[in-house]
Amino acid sequence: MATTIQVTVNGKAYSHDVDPRTLLVQYLRDVLGLTGTHVGCDTSNCGACTILVDGKAVKSCTMLAVQADGSEVKTIEGMADNGTLHPLQEGFREEHGLQCGFCTPGMIMTSADLLERNPNPTEHEIREALEGNFCRCTGYHNIVKSVQYAAKKISNQEKVA
Amino acid sequence: MIPNKFDYHRATSVDEAIRLMAQHGMDAKLLAGGHSLLPAMKLRLNQPGVLVDIGRLAELRYIKKEGDSLVIGAGATHDDIANSDMARSTLSMLSEAANLIGDVQVRNKGTLGGSLAHADPAADWPAVMIAAHANIELRGPNGSRTVSADDFFTGFYMTALAEDEIITAIRIPAPPKGTHSSYQKFMQPASRFAIVGCAASVTKDGGVCQKVSVALTGLSDTAFRASNVEAALTGKKLTKENIAAAAQAAGEGVMAMGDHFASEEYRLHLAKVFAKRALMAAAE
């Protein structure tokens with residue numbers, strides 16, 4: 001029995017009939033073709049599938065698409081603004097916050113939730129916020145620097161604006 | 001990993017959810033945040049034919065004061081509780097425990113009611129709710145009833161909740177003046193579940209322990225009140241030595257669980273260590 005869902009993803013409204021057992025990550029990747037959200041462990045441990053649902057970071061492998069009905073979803077594809085990288089994306093590039101890049105979309109989306117709550121996090125707060133995101137390449141050091149870069153850039157932008 | 005096929009209903013009220021549960025009987029499961037249920041369904045450990053979604057019910061998602069009690073709606077997320085000044089000022093172990101659950105993504109979705117109903121033997125909330133003398137409010141087709149946290153957890157993933165009932169709220173009585181609390185746990189580094197966790201609340205008057213409430217989780221098949229620790233500390237001066245001595249009773253006479261991560265012996269050792277840490281922090 002299919003269920004109709006209406007979701008806004010990266011500002012665009014969609015309506016689809018889905019099998020209720022469809023995971024949100026499957027819906028994003030297989031139905032909408034938004035493959036920037038990765039499936040890592042598929043057991044809600046690694047955080048690679050993290051996206052924002054109504055502004056909060058969630059693991060999209062542990063959420064059904066039907067649970068997102070009526071919600072605003074944001075994925076890594078929605079972070080850049082008309083070709084201009086989001087400060088977090090820029091930070092990961094500038095500070096070499098990735099090697100293979102598999103965990104990066106999840107890292108960025110979780111960091112977006114953090115910076116929304118706490119625009120000037122300490123190093124410890126960044127590490128705590130990212131405890132649900134695993135990286136097997138970088139050793140986290142440059143990831144933390146990347147988030148610090150973004151926090152600084154966002155606060156400078158706000159001062160100018 | 002994809003769950004088995006099921007029919008999905010989103011309830012628009014608690015009453016509708018109760019009606020749907022009654023209609024579908026044993027084949028139906030409630031879905032709140034889904035952070036215990038969906039992983040189990042993906043592994044096909046749980047294969048309900050019907051899911052009744054209560055995850056969007058605003059009537060279940062609140063944290064408020066009613067008289068002297070703190071009342072937390074069953075649909076409040078761990079993150080809601082972690083950020084609630086009202087919860088922190090009532091008993092700081094509530095926010096400490098909330099902040100130690102999983103990670104921010106899990107806390108954004110998982111709910112207090114869901115965690116209590118699931119009753120994972122390594123979950124944090126059961127111990128905290130026992131130590132807080134919480135009352136758990138349930139509603140079913142025949143009306144509402146209240147079960148104390150002490151009586152709610154009956155065994156390995158087992159609770160007093162009937163098949164057709166929903167947890168609606170958790171009511172925590174205001175602690176007496178001079179009460180401080182703490183939740184301390186040794187966590188599994190991947191899942192962040194408690195290998196052993198201890199919630200302690202201490203009411204102090206002139207350096208003497210007037211009242212103490214201690215509960216342990218992770219140690220055995222269900223969270224439980226450590227009555228022997230309470231008895232060993234009540235009426236005593238809250239010195240480091242007295243606390244350490246009382247904590248030695250933690251886990252006494254308990255059938256401890258063992259797994260590849262921590263043996264029974266190690267868990268029993270941790271129970272004493274974490275009872276002491278929680279009591280020390282609460283007595284400060």
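Observations on the structure shown:
- Considering the conditions (1) within 22 Å of residue B:150 (Cα to Cα); (2) buried (at least 20 other Cβ atoms within 10 Å of the Cβ), residue B:221 is excluded by exactly one of them, (2).
- Residues of region A:46-63 that are on the phi > 0 side of the Ramachandran plot, open to solvent by 20 Å² or more (accessible area, probe 1.4 Å) and in contact (Cβ under 8 Å) with a residue 24 or more places away in the chain: A:55 alone.
- Residues that are modelled with pLDDT of 95 or more and of a type in the set (S, T, N, Q) were ranked within region A:59-91; the one that is nearest to residue A:49 (Cα to Cα) is A:60.
- Residues in region B:87-115 that are within 14 Å of chain A (Cβ to nearest Cβ) and either at pLDDT below 95 or more than 22 Å from residue B:277 (Cβ to Cβ) (or both): B:103, B:104, B:105, B:106, B:107, B:108, B:109, B:110, B:111, B:114.
- Identity of the residue in region A:53-85, touching a Gly at 6+ places or on another chain (Cβ under 7 Å) and part of a loop (DSSP other than H, G, I, E, B), that ends up nearest to the other protein chains (Cβ to nearest Cβ): A:63
- Looking at region B:116-199, the strands (runs of 3 or more DSSP E) lying wholly inside it that each contain 2 or more residues that are open to solvent by 50 Å² or more (accessible area, probe 1.4 Å) and away from every other protein chain (no Cβ under 14 Å) sit at B:135-140, B:143-148, B:179-187.
- Number of residues in region B:1-52 that are more than 26 Å from the chain's Cα centre (by Cα) and among the basic types (Lys, Arg) equals 2.
- Qualifying residue in region B:169-185 (condition: outside the structural domain of residue B:31 (by TED's automatic domain parsing) and either touching a Pro at 6+ places or on another chain (Cβ under 7 Å) or acidic (Asp, Glu) (or both)): no
- Across region A:33-45, the number of residues qualifying as within 10 Å of chain B (Cβ to nearest Cβ) and either surrounded by 18 or more Cβ atoms within 10 Å (Cβ to Cβ) or under 24 Å from residue B:49 (Cα atoms) (or both) comes to 4.
- Contacts under 8 angstrom Cβ, first residue in region B:1-18 being within 14 Å of another protein chain (Cβ to nearest Cβ) and aromatic (Phe, Trp, Tyr), partner outside any helix (DSSP H, G or I) and surrounded by fewer than 13 Cβ atoms within 10 Å (Cβ to Cβ), 6 or more apart: B:8/A:1
- Test: residue in region A:15-36 that is closer than 30 Å to residue A:154 by Cα, modelled with pLDDT under 95, outside the structural domain of residue A:117 (by TED's automatic domain parsing) and not small (Gly, Ala, Ser): no
- For region B:108-130, the set of residues classified as farther than 19 Å from residue B:195 by Cα and among the charged types (D, E, K, R) consists of B:109 only.
- Meets criteria (more than 30 Å from residue B:176 (Cα to Cα), touching a residue at least 40 places away in the same chain (Cβ under 8 Å) and away from chain A (no Cβ under 11 Å)) for residue B:56: no
- The set of residues from region B:255-284 being open to solvent by less than 70 Å² (accessible area, probe 1.4 Å), closer than 16 Å to residue B:122 by Cα and outside any loop (DSSP other than H, G, I, E, B) comprises B:267, B:268, B:270, B:271, B:274, B:275.
- Residues satisfying the stated conditions in region A:11-32, i.e. open to solvent by less than 50 Å² (accessible area, probe 1.4 Å) and either over 20 Å from residue A:109 (Cβ atoms) or in a loop (DSSP other than H, G, I, E, B) (or both): A:18, A:19, A:20, A:22, A:32
- Conditions (1) away from chain B (no Cβ under 13 Å); (2) open to solvent by 20 Å² or more (accessible area, probe 1.4 Å); (3) hydrophobic (A, V, I, L, M, F, W, C): number failed by residue A:88: (2)
The values are calculated or read from the model by the stated rules, or taken from the named source; none is laboratory data. Computed from a prediction, not measured in an experiment: that's the story for all the values here. Counting neighbours? That spans all protein chains shown, and the Cβs are built from the backbone with ideal geometry, glycine included. Surface accessibility is based on the protein's heavy atoms, side chains included, excluding ligands, DNA and RNA. Shrake-Rupley method; radii C 1.70, N 1.55, O 1.52, S 1.80 Å.
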